[in-house]
Amino acid sequence: MEARLRSNVIAYSDFHKYLLQYSDHVPSSLAALDDLRYNTIPQTLAQRKSDGEPFLEKSELVSLVDWKLKHGKYRPNLAKLASSNSLAAVREATEEAFQTYEEDSTAYAKVVSRIGKLKGVGPATASLILSCYDPVGVPFFSDELFRYLHWEEAKTGGWDRKIGYTLKEYRELYDGTQTLRERLKKESRETISALDVEKMAYALAKAVQNTSVTYAAKSERDEQEEDIKAMKPPSPKRPKRTKTAEPPRSPSPKAICLKKGPKGSPTYDKLGYELDYNLIAGRSNARRGTFKQREEYRERKAGERKRRAEIMNFSEDNESALTSMVQDDRVARDLGIAYHEVGIEEYELWYEKGFRAEPGEFENIPQKEQDRILTLATGSAYRKGSKH
């Protein structure tokens with residue numbers, strides 16, 4: 001690899017060049033899985049986060065494991081192990097992990113460890129799940145990204161460098177990704193996501209290796225190492241924390257609101273909406289309720305989604321997290337209310353007032369509009385007057 005492309009010196013122009021080449025190196029047979037990993041599942045998690053209860057379904061876990069394995073050497077044992085997790089185990093593990101991350105985003109290693117308690121899930125797959133939850137801030141522990149960030153080290157073996165798939169290595173990868181993001185942001189004045197870094201490293205690796213079929217082959221020893229990390233039971237010992245060059249992140253507005261308590265001064269989110277302590281505390285306590293209580297909550301939400309689809313004359317089969325958010329935004333704009341104030345009652349009122357959706361209105365949403373609506377939706381369940 002040319003010296004100018006190394007992570008400590010790469011210019012934004014070169015970074016952007018290889019980032020744009022990502023899709024050129026992905027086989028068409030993997031396009032559907034790529035869409036799930038980069039669009040469908042992150043958008044679904046964003047919607048669940050907006051509803052106040054983010055979690056991952058077992059089917060989504062299996063899809064992510066499938067995506068990961070089909071970009072490398074396929075190992076049916078790991079796929080079978082992931083599929084052997086119960087629906088309840090996947091939901092509960094990911095709910096707890098995402099809640100921990102919401103309360104303290106610097107505890108990413110703890111979150112990865114929690115998700116790693118699931119069968120067939122090692123640090124790499126756990127980081128993939130957390131990356132889907134926060135594509136901007138959390139990098140996926142991919143082989144290409146790890147090797148790219150460690151290129152300057154002597155005797156590392158380049159793109160064939162051995163990887164142990166440990167939490168220590170993931171912390172190094174995480175810190176290296178943040179350093180690169182911050183440096184490129186200063187140069188370009190653009191927001192560089194962890195997802196951008198992952199894709200660029202993949203495309204660069206493929207370009208340097210001059211192949212566009214699959215990820216670079218791992219050595220058998222590497223494969224065995226990752227198998228062992230995913231299959232062995234979690235250690236009861238807590239991993240030692242290592243100091244990083246990154247300053248600690250500020251607590252989220254939600255965490256600040258909880259800390260102030262029910263009689264504390266008002267707390268506002270990034271869009272300036274006041275947060276509701278009781279909503280936040282109630283959602284947090286609900287996550288600790290019984291599995292039956294959470295199932296009842298989901299059944300009620302499913303009934304509301306069905307009625308909403310009827311009002312919008314939109315097939316439930318075509319519904320996604322994005323279309324749901326776009327529909328909420330349409331109702332809010334037509335009724336002249338805030339996005340978070342839209343509930344099933346507002347859909348009924350919208351219909352009674354004679355509003356109707358146009359055929360195909362919720363298809364092919366421009367990226368800029370998607371970004372606007374996602375910003376509105378994030379954290380909307382915790383705002384005063386929220387019906388999400």
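The values are calculated or read from the model by the stated rules, or taken from the named source; none is laboratory data. Keep in mind the model is a prediction, meaning the values are calculated, not measured. All Cβ positions, even for glycine, are placed from backbone atoms using ideal geometry, and neighbour counts span all protein chains on display. Ligands, DNA and RNA are excluded from the accessible area calculation, which covers all protein heavy atoms including side chains. Shrake-Rupley method; radii C 1.70, N 1.55, O 1.52, S 1.80 Å.
Does ASP175 satisfy the condition of being closer than 28 Å to THR40 by Cβ and in contact (Cβ under 8 Å) with a residue 12 or more places away in the chain? Answer is no for this residue.
Can you tell me which of (1) under 25 Å from the mean Cα position of the chain (by Cα); (2) free of Cβ contacts under 8 Å to residues at least 24 places away in the same chain; (3) open to solvent by less than 20 Å² (accessible area, probe 1.4 Å) is the one GLU299 doesn't meet? All conditions are met except number (3). Scanning the stretch 2-33 for residues that are open to solvent by less than 50 Å² (accessible area, probe 1.4 Å), among the hydrophobic types (A, V, I, L, M, F, W, C), farther than 21 Å from LEU64 by Cα and outside any helix (DSSP H, G or I) yields ILE10, ALA11.
Pairs are defined by a Cβ separation below 9 Å, a sequence spacing of at least 6 or placement on different chains, a first member in the stretch 35-46 that is touching a residue at least 24 places away in the same chain (Cβ under 8 Å) and of a type in the set (S, T, N, Q), and a second member that is assigned to a helix (DSSP H, G or I) and open to solvent by 50 Å² or more (accessible area, probe 1.4 Å); the pairs so defined are GLN43/LEU374.
For the stretch 315-349, a tally of residues being among the hydroxyl-bearing types (Ser, Thr, Tyr) and either under 18 Å from ASN39 (Cα atoms) or surrounded by fewer than 19 Cβ atoms within 10 Å (Cβ to Cβ) (or both) returns 4. Within the stretch 350-385, the set of residues being open to solvent by less than 20 Å² (accessible area, probe 1.4 Å), touching a residue at least 60 places away in the same chain (Cβ under 8 Å) and either in contact with a strand residue (DSSP E or B) (Cβ under 6 Å, 6 or more places away or on another chain) or on the phi < 0 side of the Ramachandran plot (or both) comprises ALA377, SER380, ALA381, TYR382, ARG383.
Table: residues versus (1) surrounded by fewer than 23 Cβ atoms within 10 Å (Cβ to Cβ); (2) part of a helix (DSSP H, G or I); (3) at negative phi.
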position: SER113; (1), (2), (3): yes, yes, yes
position: LYS119; (1), (2), (3): yes, no, yes
position: THR125; (1), (2), (3): no, yes, yes
position: ILE129; (1), (2), (3): no, yes, yes
position: PHE140; (1), (2), (3): no, no, yes
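Filtered by the rule that a residue be in a helix (DSSP H, G or I), modelled with pLDDT of 90 or more and either open to solvent by 30 Å² or more (accessible area, probe 1.4 Å) or farther than 25 Å from MET325 by Cβ (or both), the stretch 45-68 gives LYS58, SER59, VAL62, SER63, VAL65, ASP66, LYS68.
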